[in-house]
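The next block holds one structure in the form of structure tokens; read it before the comments.
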Amino acid sequence: IYPEMSSDLSANWLVRDSSDKPSNTSLIINRTSRYQNPYLHYYFLKKYDDGRLAFVGTESEYENFCKKWELDKVAYIKTLDFLEVSRYICFAKGFLGNQSACWHIADGLKIPRILEYSPHYPNTHPTGADGYAAMYQEPLEYFVDKIMNG
């Protein structure tokens, strides 16, 4: 009925600004307090906790994430708005997060990305190439390793 509203979500629907500069971050993380998967843990990120991880989100989300998973060297990226968030995400090696605006930015940019899939609210899915969903621990660790070492 509305063919003009159809879209190809497998293609990127956000683009990099030519003034953006690459970052040294391998993996950008965002984990909000909503839509979390209680079956996943992030202790395994310690092997990457050597300056290659950075967190975007609120300060309390960052502090909770690092404290809960005993991570010491995750950088905190303080941003003013989602445009600034997108500039960090677009040049990272990959993105890891649960359902949030940051997740949708990563999905729109089509960078390698991992969705912490919520078993209670399965209403967001990766679209297109290099998009992964992890509901269980083993796939989560596999996809992170694929992004970090692939």
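The values are calculated or read from the model by the stated rules, or taken from the named source; none is laboratory data. Keep in mind that what you see is a predicted model, and the values were worked out from it rather than measured. Because the Cβ atoms are built from the backbone with ideal geometry, glycine has one as well, and the counts that use them run over all protein chains shown. In case anyone asks, the SASA skips ligands and DNA or RNA and just uses the protein heavy atoms, side chains included. Shrake-Rupley method; radii C 1.70, N 1.55, O 1.52, S 1.80 Å.
Quick look at the values:
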item: Dipole of the chain [Lys/Arg +1, Asp/Glu -1 at C-beta], most positive-end residue of 103, 39, 74; result: 74
item: Gained length - residue 39 relative to residue 10, 0.36 nm times residue gap less alpha-carbon distance; result: 7.6 nm
item: Nitroxide proxy distance, nm - points 7 Å out along Cα→Cβ at residue 60 and residue 142; result: 3.7 nm
item: Whole-percent pair-distance distribution, where bins are 5 Å wide, for the alpha carbons of the chain; result: 2, 10, 19, 24, 22, 13, 6, 2, 1, 1, 0
item: Lysines with Cα under 21 Å of residue 68, excluding same-chain neighbours fewer than 8 positions away; result: 46, 47, 78
item: Chymotrypsin sites (Phe, Trp or Tyr not before Pro) restricted to the stretch 29-134 and DSSP loop, no more than 14 other C-beta within 10 Å; result: 39
item: Charge dipole of the chain about the Cα centre (unit charges at C-beta), most positive-ward option of 150, 26, 51; result: 51
item: Hits among lysines - C-alpha to C-alpha of residue 110 under 20 Å, sequence gap 8 or more where chains match; result: 21, 93, 146
item: Surface accessible to a 1.4 Å probe, residue 17 within the full protein complex, Å²; result: 60 Å²
item: Proximal charge balance of residue 50 [Cβ under 13 Å; K/R count +1, D/E count -1]; result: +2
item: Dipole in debye (nearest 20) - the chain, about Cα centre, beta carbon charges: Lys, Arg +1; Asp, Glu -1; result: 240 debye
